Amino acid sequence: MASAPHLGDRAPDFALEGTGGTFRLSDHRGQRVVLLFYPGDETAVCTRQFCSYRDRSDDMSALDAVVVGISHQDLDSHEAFTQHHGLTVPLLADVDREVAHAYGVSAPLIGTRRAAFVIDEDGVVRHRHVHALGLDYQDADDLAAALDSLPARA
């Protein structure tokens, strides 16, 4: 597994195409950002994960953070996955896995490990959870707890 930013490190900046248009991490300075890396569209656990966010859209909206999913499938795959399940979290296409590599979640065979990163308003990594097997995920409550643990905004 590649080296990853540690808690307190500046989050690696990136720009990726997604279901909501181009996403640049640096464009979201001043906001909290949740990056949800996942192995693949239309796989059992990933489908459960992103459908759970859809089913709890009020809780996800209450997070007061920009939330995006990232995997190595292309934009067409992400758009089909989003439409098939009525997903509400924008999905970003990291086709060459450069972003997964920069965050230390690129892995042989599966491509991208399931992981959640919380980036604070200053672009610093404040929460990092990489799943060992990828059979579970950070749900809306886990994400809320991670965000609640951050220092209060100035």
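The values are calculated or read from the model by the stated rules, or taken from the named source; none is laboratory data. What you see is a predicted model, and the numbers here were worked out from it, not measured in a lab. Note that each Cβ is placed from the backbone with ideal geometry, even for glycine, and that neighbours are counted across all protein chains shown. Remember, those area values only see protein heavy atoms, side chains included, never the ligands or the DNA or RNA. Shrake-Rupley method; radii C 1.70, N 1.55, O 1.52, S 1.80 Å.
Give the Rg (one decimal place) followed by the Dmax (whole number) of the chain, computed from C-alpha coordinates and expressed in Å.
Over the chain's Cα set, Rg and Dmax evaluate to 14.1, 43 Å.
Local charge sum around Gly20 (other residues, Cβ-Cβ under 13 Å, Lys/Arg +1, Asp/Glu -1)?
Overall, the nearby charge balance is -2.
Can you send over the carbon and sulfur percentage of the accessible area for the chain, probe radius 1.4 Å, protein chains only? The partial results should precede the final answer.
Numbers: 3600 of 7420 Å².
Answer for the chain: carbon and sulfur cover 49 percent of the accessible area.
Normalising by the residue count of segment 52-100, find the relative contact order in percent from Cα pairs under 8 Å and 6+ residues apart.
45
List the relative contact order of segment 24-76 as a percent without decimals, with contacts defined as Cα pairs under 8 Å and 6+ residues apart.
Contact order relative to length: 56 percent.
How high is the relative contact order of the chain, in percent, counting Cα pairs under 8 Å that sit 6 or more residues apart?
Normalised by residue count, the contact order of the chain is 33 percent.
Could you give the accessible area per residue of the chain, probe 1.4 Å, as a whole number in Å²?
48
Would you mind counting up the charge near His127? Only other residues with Cβ under 15 Å from its Cβ, with Lys and Arg at +1 and Asp and Glu at -1. Please report the intermediate quantities before stating the final value.
Details: positive: Arg10, Arg32, Arg114, Arg126, Arg128; negative: Asp9, Asp64, Asp120, Glu121, Asp122, Asp139, Asp141, Asp142, Asp148.
Around His127, the surrounding residues sum to -4.
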